[in-house]
Amino acid sequence: METVVTSARERARQVLAVCLAALARADHGETEVVAGVREIGALWARSGGRVDDLLSALNAMAAELDGNGAPRYDGCARLAVELVRGVRPPAPEQPEQVETPAGTAAVFVVDGGSADVVAAAFQRGARPDVACVVEGDRAEVLLPMRSEQTAVRECEVVLAKLPDRSIRAAVASGPDGPAAAARLLGIVTALDLPRGVYGRADVPIEDAVARSPESSAALRRLIAPVMESHSLRTTLAALVAEGGNRTGAAERLIIHRSTIDYRLARIEQLTGHSPLTVRGLQVLTMAYALCA
């Protein structure tokens, strides 16, 4: 059973004793000295002692011995370092964390044309590990990548080769990569964001809400009466696209200002949220993005 010594001065004597023994014996290597000092520090830590108390006592003992003419260990500073290492051993090195999603996926929508052009652009990039599935105006591309950010950049490079095409794309990783990317693309499209490539970081709030069954269900119930009415649904979509600007939304819909005001008031009656306030428009926008 280990004997616990709670005196910092006694610990200091032990440290100096190890050092003096090393000086007295030619066959006592430095490695053994270091190990002995660290073990003393470790014992002190396990007994609940403070490292500052032990170092203070060590310095006092070293000065006392030196004053009495006793041999003093030249590496006293090194002694203190090794003592502290015994008290506070370094944490084991952690292996480098590398993002390696099993299936980073990108889903593209090509407006007014076949998505074959997207698949062909990726295939011309000579990436044998990229798989493409095309269906109508949609292209699903599986991209083995280190991270979503890397996948977004590669998609942007590919789309830059198709300047004459109006394309939106969303990228997501994980086991549900294609489904998550499709969900993101739906949000991006509903919000009428500019053509380009999007990841989770571009619509973090909407994506978080969409991944929460409780929150998304509540918002779907909230917006259901609006989505059932063509005029109200298109009015809200126009307002979202115009960033809440009523005049811009009315011009987009080619309707009178009084007409859009009536429709917005009706949306507030049905949902309890005014699309003319910042908070109300945020709630309605998220709900619309989930259901559009």
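Data overview
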item: Directionally averaged projected area (convex hull, Cα atoms, region 218-292), nm²; result: 4.1
item: Estimated translational D of region 133-198 in µm²/s (Stokes, Kirkwood radius over Cα pairs; 25 °C; 0.890 mPa s); result: 199
item: For region 148-262, alpha-carbon Rg relative to the globular expectation (2.2 N^0.38 Å, N residues); result: 1.24
item: Other-chain or far-sequence residues with amide H under 5 Å of A131's (modelled H); result: L142
item: Positive-end residue, region 123-203 charge dipole about Cα centroid, Cβ charges, pick of L142, A180, L159; result: L159
item: Radius 12 Å from Cβ of L191, net charge of other residues (Lys, Arg +1; Asp, Glu -1); result: -4
item: Under 13 Å, Cβ to Cβ, from V134 - net charge with Lys/Arg +1 and Asp/Glu -1; result: -3
item: Hz values of 3J(HN,Hα) by residue in region 226-240 - Karplus curve (6.51, -1.76, 1.60), Gly and Pro given as x; result: 6, 5, 6, 9, 4, 5, 6, 5, 5, 5, 5, 4, 5, 5, 5
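Every number in this text was worked out from the coordinates using simple rules, so none of it is lab data. These figures come from a predicted structure and were not determined experimentally. Neighbour counts run over all protein chains shown; Cβ positions are idealised from the backbone, glycine included.
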